[in-house]
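Asks: Handing you a structure now.
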Amino acid sequence: MTTFTTTIQSMYTLDTPDPGYVVNVLWEVQGVDGQYTASIGGNTQFNSADQQGSFIPYASLTPEIVLGWIPQNQIDSAQACVQGQIDSLINPPVSPQVAALPWA
């Protein structure tokens, strides 16, 4: 069974509408299944028109708060991609190989 972890890699801010307003979050989903590990990066953008709730100062942000801003469907999609990578590591796909011509 794969265990997934999502981490924030970096954040981009603007000084409007408030100082330290987060407009872009780069994140990563990592999956581990026994000896197999895979990961994929994600990027979520925000704008003030979509803001819900009150502004949280940049210095008060925690990973849990920022992860809560990322739509669940983006996390689910990233986890599915990582699971596909791990599945391919566990059971590598069969690839055709070039064969010498029998008459050469």
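The values are calculated or read from the model by the stated rules, or taken from the named source; none is laboratory data. Just so it is clear, the model here is predicted, and its values are computed rather than measured. When we count neighbours, we look across all protein chains shown, and the Cβ atoms used for this are built from the backbone with ideal geometry, even at glycine. Surface areas here come from the heavy atoms of the whole protein model, side chains and all, with no ligands, DNA or RNA. Shrake-Rupley method; radii C 1.70, N 1.55, O 1.52, S 1.80 Å.
Asks: Take the stretch 27-44 and flag every residue that is out of contact with any Asp or Glu (no Cβ under 8 Å at 6 or more places or on another chain) and either of a type in the set (S, T, N, Q) or closer than 13 Å to Trp69 by Cβ (or both). Give the derivation first.
Replies: Filtering the stretch 27-44 down to residues out of contact with any Asp or Glu (no Cβ under 8 Å at 6 or more places or on another chain) leaves 27-38, 43-44.
Residues satisfying the conditions are Trp27, Gln30, Gln35, Thr37, Asn43, Thr44.
Asks: Out of the residues in the stretch 60-104 that are of a type in the set (Ser, Thr, Tyr) and part of a loop (DSSP other than H, G, I, E, B), state the one that is nearest to Asp18 (Cα to Cα).
Replies: In the first step, residues of the stretch 60-104 are kept if they are of a type in the set (Ser, Thr, Tyr); the result is 60, 62, 77, 88, 95.
Filter once more, keeping what is part of a loop (DSSP other than H, G, I, E, B): 62, 95.
On the way: Thr62: 18, Ser95: 54 Å.
Ranking the qualifying residues of the stretch 60-104, first place goes to Thr62.
A quick yes/no check of all residues on (1) open to solvent by 50 Å² or more (accessible area, probe 1.4 Å); (2) at pLDDT 95 or above; (3) farther than 30 Å from Met11 by Cβ:
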site	(1), (2), (3)
Pro57	yes, no, no
Leu61	no, yes, no
Glu64	yes, yes, no
Ile70	no, yes, no
Ile75	no, yes, no
Cys81	yes, yes, no
Gln85	yes, yes, no
Leu89	yes, yes, yes
Val94	yes, no, yes
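Asks: Say we look at the stretch 22-45 and pick out the residues that are within 14 Å of Asp76 (Cα to Cα) and touching a residue at least 40 places away in the same chain (Cβ under 8 Å); which of these is farthest from the chain's Cα centre (by Cα)? Quick ask: steps written out before the conclusion?
Replies: Start the filter on the stretch 22-45 by keeping residues that are within 14 Å of Asp76 (Cα to Cα), which leaves 27-31, 39-44.
In the following step, the residues that additionally are touching a residue at least 40 places away in the same chain (Cβ under 8 Å) were identified as 27, 29-31, 39-40.
Numbers: Trp27: 5, Val29: 4, Gln30: 8, Gly31: 10, Ser39: 8, Ile40: 5 Å.
Among those that are within 14 Å of Asp76 (Cα to Cα) and touching a residue at least 40 places away in the same chain (Cβ under 8 Å), it is Gly31.
Asks: Out of (1) closer than 22 Å to Gly84 by Cα; (2) open to solvent by less than 50 Å² (accessible area, probe 1.4 Å), the odd one out for Tyr36 is which?
Replies: Condition not satisfied by Tyr36: (2).
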